[in-house]
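Read through the structure below, which is laid out as structure tokens, and then see the notes.
The values are calculated or read from the model by the stated rules, or taken from the named source; none is laboratory data. On a predicted model such as this, the values are computed, not experimentally measured, just so you know. Here the Cβ positions follow ideal geometry from the backbone for every residue, glycine too, while neighbour counts run over all protein chains shown.
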Amino acid sequence: MSYSRTEMRLSIILGQDDLWHHKPKYQEIVKRARAAGLGGASVWRGVEGYGASAHIHTTRLLDLADGLPLLVVAVDTEERIREFLDGIGELLTEATVTLEGVERVHFTEERR
């Protein structure tokens, strides 16, 4: 059995070396997402990318493997996502943030 509803996806792109109080920023974002009661948050590590500096970071060359991109994604209602985003603004000094409307399909085991 499944159902769907319109929600919002929050995507945050930052560097793996971005820190908040000597810890990775992505860990703090996930921790705060959980504390805020968001439906879930996940982190993906990129293998190559560049940002405002136009300097390419890649896993192909060991000396450039620092600063690889990370993608933090959370999906919930628009109201909850926007409220969460307002609360983490201090963490996003060097991040790219996108918001997108999405259709979330939730699958559940049918009760017998």
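Of the residues M1, M8, which single one is at pLDDT 90 or above and either touching an Asp or Glu at 6+ places or on another chain (Cβ under 7 Å) or aliphatic (A, V, I, L, M) (or both)?
M8
Is at least one residue of the range 5-25 closer than 16 Å to P69 by Cα and part of a helix (DSSP H, G or I)?
Yes; the residues of the range 5-25 include at least one that is closer than 16 Å to P69 by Cα and part of a helix (DSSP H, G or I).
Every residue, every condition in (1) out of contact with any Pro (no Cβ under 9 Å at 6 or more places or on another chain); (2) modelled with pLDDT of 70 or more; (3) outside any strand (DSSP E or B), yes or no:
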site: Q27; (1), (2), (3): yes, yes, yes
site: R32; (1), (2), (3): yes, yes, yes
site: G37; (1), (2), (3): yes, yes, yes
site: G51; (1), (2), (3): no, no, yes
site: H55; (1), (2), (3): yes, no, yes
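Which members of the range 68-107 meet the condition of being assigned to a strand (DSSP E or B), within 13 Å of the chain's Cα centre (by Cα) and small (G, A, S)?
A74
Just the residues that are modelled with pLDDT under 90 and either surrounded by 16 or more Cβ atoms within 10 Å (Cβ to Cβ) or not charged (D, E, K, R) (or both), please, taken from the range 11-25.
Matches in the range 11-25: G15, Q16.
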